[in-house]
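The values are calculated or read from the model by the stated rules, or taken from the named source; none is laboratory data. Keep in mind that this is a model prediction, so the values were computed, not measured. Note that each Cβ is placed from the backbone with ideal geometry, even for glycine, and that neighbours are counted across all protein chains shown.
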Amino acid sequence: MHASRKFDWEGFRWLDARQHIFNFAVPIRDLLAKGEFRRGGIVGSVELTGCVQRHNSPWFYGPYGYLLSHPEPEAFRAFPGRLGFFEIPAQPVLESMTGVAQR
């Protein structure tokens, strides 16, 4: 999973207005105040398990939605994003592409 370099204020306001639906462990405004939204890099991984045209999830707003499972958070790694799906290279290659040593 890649976090965009640009902060999505429209998406933030959408989530903030619907916190009661998603039952976040921490209020989303608190995360923003703490600066906990890392941007411009890899933040985790998921398994893509399907694509649907209908779903009862509050996250679904169609016409298509991906089904994701097995989320795994990872330590933040700076990495330039792209549109769509893309491969993440092995660690040494990643460091040479970004100029940043990953820890």
Requested in this report: Please find, within the range 3-18, the residue that is farthest from F79 (Cα to Cα) out of those that are surrounded by 10 or more Cβ atoms within 10 Å (Cβ to Cβ) and in contact (Cβ under 8 Å) with a residue 24 or more places away in the chain.
Outcome: R18
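Results for (1) within 27 Å of F79 (Cβ to Cβ); (2) surrounded by 11 or more Cβ atoms within 10 Å (Cβ to Cβ), shown as yes or no for each residue.
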position: H20; (1), (2): no, no
position: P27; (1), (2): no, yes
position: E36; (1), (2): yes, no
position: G40; (1), (2): yes, yes
position: G44; (1), (2): yes, yes
position: R54; (1), (2): no, no
Query raised in the report: Of the residues that sit in the range 19-47 and are touching a residue at least 24 places away in the same chain (Cβ under 8 Å) and of a type in the set (A, V, I, L, M, F, W, C), which one is farthest from K6 (Cα to Cα)?
Result: I21
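When you scan the range 6-25, how many residues do you find that are of a type in the set (F, W, Y) and in a helix (DSSP H, G or I)? Break it down into steps so the answer makes sense when it comes.
Initially, the range 6-25 is screened for residues of a type in the set (F, W, Y), giving 7, 9, 12, 14, 22, 24.
Filter once more, so that each one left must be in a helix (DSSP H, G or I): 9, 12, 14, 22.
Count: 4.
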**Report entry** Any hit, the range 38-51, residues being more than 25 Å from F86 (Cβ to Cβ) and not basic (K, R)
**Finding:** no
**Report entry** Close pairs from the range 80-100: first part of a loop (DSSP other than H, G, I, E, B), partner at pLDDT 60 or above, Cβ under 7 Å, at least 6 apart
**Finding:** G81/H2; G81/S4; G81/R5; I88/I42; I88/F79; V100/A78
Query raised in the report: Within the range 60-73, how many residues turn out to be in contact (Cβ under 8 Å) with a residue 24 or more places away in the chain and either in contact with a Pro (Cβ under 8 Å, 6 or more places away or on another chain) or loosely packed, with under 10 Cβ neighbours inside 10 Å (or both)?
Result: 3
